[in-house]
Each structure stands twice: as structure tokens, then as C-alpha cells.
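*Asks:* Have a look at this one.
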């Protein structure tokens with residue numbers, strides 16, 4: 001079984017919808033980050049030099065500490081530009097955002113940092129105010145899940161599939177599904193609000209598509225869960241067979257012929273060459289609805305036309 005390991009270096013106060021009082025500024029940790037897998041970049045600290053007034057021309061100087069050799073980005077509510085930080089020394093990133101006339105930065109602006117290395121992303125939310133007399137945006141909003149989907153990755157080989165969850169950015173994302181046992185898989189945030197991961201079913205393992213796929217997003221102590229019974233619908237029958245369906249097989253009809261059983265009795269045999277190179281014979285009492293060259297699926301002792 002895959003075991004999910006997550007690390008949190010700060011606990012943010014819950015407010016707003018939870019009815020809890022925000023922590024005073026002195027008690028607020030410097031940052032909250034989510035490292036969505038053991039390979040995701042980690043953010044240890046995220047700071048800003050607070051200014052007397054946020055107005056056009058004001059420089060906002062940010063510093064980030066975390067995994068070295070990554071790409072660091074900062075986004076601010078009310079702005080349209082993304083600030084790219086420079087790695088001035090291993091694991092130390094800094095940069096300055098100059099407020100423009102088109103910016104509309106609110107008092108409770110959320111400032112989010114992203115540390116990206118390849119397809120893996122770590123995120124952090126600034127836990128101090130941009131302007132000295134502004135309130136601190138300490139409470140992340142409750143996460144929301146917009147979509148859960150699964151796609152086959154047969155170009156990578158037999159048994160590969162990709163899980164994708166879209167929703168609130170900066171969260172920890174997981175999905176749960178069933179094969180021979182219940183699995184929990186951690187997803188990486190590859191872009192804001194989009195989480196994905198690859199998984200391979202070994203040969204002989206059956207994917208249980210009768211049970212819904214469970215997706216989960218977590219920000220601090222707030223969790224959103226979505227049960228997606230139709231998440232498997234995007235997988236074709238062909239893909240499901242490749243993903244370990246042990247009672248399913250695909251092939252092409254090689255021949256259809258009548259067999260005389262004697263005493264005036266006869267039936268029909270359909271010979272199917274499977275994608276694994278084997279030949280299977282399916283018997284029918286009457287004329288079967290298949291012709292040579294038809295693509296079919298073998299299900300037990302009968303045939304179905306292949307879809308997808």
C-alpha cells in the first residue's frame with residue numbers, strides 16, 4: 001500500500017467561516033506551505049518588508065528560503081503580474097515587486113509563493129501584512145474541488161493511468177481508489193489549482209471501478225472531499241482492460257464457422273485472436289452477430305463489441 005507522508009511547518013489560524021478568532025500578529029508563523037510529495041520543493045520561510053503605504057511606485061521586497069535550484073514565483077491578490085524571484089545563494093530567493101497604477105491590492109490581500117522544480121511544486125502563503133497597519137491574512141479559505149478525472153497513459157506502457165484534481169491552489173491533494181486493497185496516492189500541484197500524479201497497476205491487479213474515486217484537498221485543518229463515481233467514465237473499455245481487468249480481454253475475430261455435432265445438431269464457433277497473442281473459441285447455439293475482422297471483448301464465455 002502506498003503511504004502518504006506530508007509535512008507541515010506552520011499551522012494557520014482559522015477564521016471567517018469557522019467562527020474562530022484570528023491569531024494576533026505576534027503569534028502568526030512566518031509561512032504555511034504544502035509539500036505535496038516527498039519530491040516537491042519545500043518552502044521553509046516566506047517574508048516581505050512591510051511598507052508604510054501600498055501605492056503606485058511602492059517597492060515590495062520579498063525573500064523566500066527553501067529547496068535550492070528551483071524556480072520561485074510570487075503572486076499578489078489584486079495584481080495581474082507574477083514576480084519571479086532570483087536565487088541569490090543556494091536556497092535563498094529574493095525579488096522586488098513595484099506596485100503599478102493598474103494594481104488594486106486589497107487590505108486583506110493574499111500573497112502566495114510557488115517553488116517549482118520540474119513537475120513538482122511547493123506553495124506558501126504570506127502570513128504578514130504588506131502594509132504595516134493592514135490586517136494579516138492568516139486564514140486560508142476553505143478548499144474547494146472543481147473536478148476529478150482519470151485518464152489512461154497507455155503510451156507509457158500497460159497499466160499506467162493519470163489522476164487529476166482541480167480546485168483551490170496551495171493545498172495538499174490525495175486520491176483514494178481500490179484495486180486488491182485501498183490505495184492513497186499523493187498528487188503534485190503542477191500549476192495553481194491543478195494537481196496530478198501517475199500510477200501503474202501491475203499485471204493481474206484489477207481496478208475496482210464499481211467504487212467511486214475519492215479526492216481530497218487539505219489547507220491547514222480545512223479539508224474538502226469529493227466522491228466521484230463517474231471519474232472512471234473517461235476510460236474506454238480498452239483502457240480498463242489494459243489497467244488490469246482480469247476478466248476482460250480484447251481481440252479480433254479470426255473466423256466464424258458452423259460445427260456439425262451430429263444427429264442434426266449444430267452450433268457455431270467464433271475464433272478470437274487476443275491482443276496477448278492467444279486464441280480463444282466462443283461457442284454459440286445460433287448464428288453469432290460477428291464477422292471476421294470485428295474487434296471484440298471477451299467477457300467470460302461470450303463476446304461483446306469493443307467500444308473505445
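*Asks:* Taking 7 Å along the Cα-to-C-beta vector as the label spot, tell me the residue 55-residue 225 distance in nanometres, rounded to one decimal.
*Replies:* Here the modelled spin labels are 5.1 nm apart.
*Asks:* Taking the simple approach of a point 7 Å from Cα along Cα-to-Cβ for both residue 117 and residue 211, what is their distance in nm?
*Replies:* 3.4
*Asks:* Could you check the simple spin-label distance between residue 302 and residue 182, using points 7 Å along Cα→Cβ, in nm with one decimal?
*Replies:* Taking the two extended label points, one gets 3.4 nm.
*Asks:* For the pair residue 102 and residue 142, what calculated FRET efficiency results from E = 1/(1 + (r/R0)^6), where r is the Cβ-Cβ distance and R0 = 22 Å, to the nearest 0.05?
*Replies:* Computed FRET efficiency for residue 142 and residue 102: 0.15.
*Asks:* Quote to one decimal, in nm, the extra length available between residue 234 and residue 292 on full extension: 0.36 nm per residue of separation minus the C-alpha distance between them. Spell out each step's value before the answer.
*Replies:* Numbers: separation 58, 0.36 × 58 = 20.88 nm, distance 2.87 nm.
Result: 18.0 nm gained on full extension.
*Asks:* Please rank 45, 233, fewest neighbouring Cβ atoms within 10 Å first, as an exposure proxy.
*Replies:* Numbers: 45 17, 233 11.
In order of increasing Cβ crowding within 10 Å: 233, 45.
Read-outs throughout are calculated quantities, based only on the coordinates presented, and are distinct from any laboratory measurement. Bear in mind that the values here come from a model prediction, so they are computed numbers and not experimental data. We place every Cβ from the backbone using ideal geometry, glycine too, and count neighbours over all the protein chains shown.
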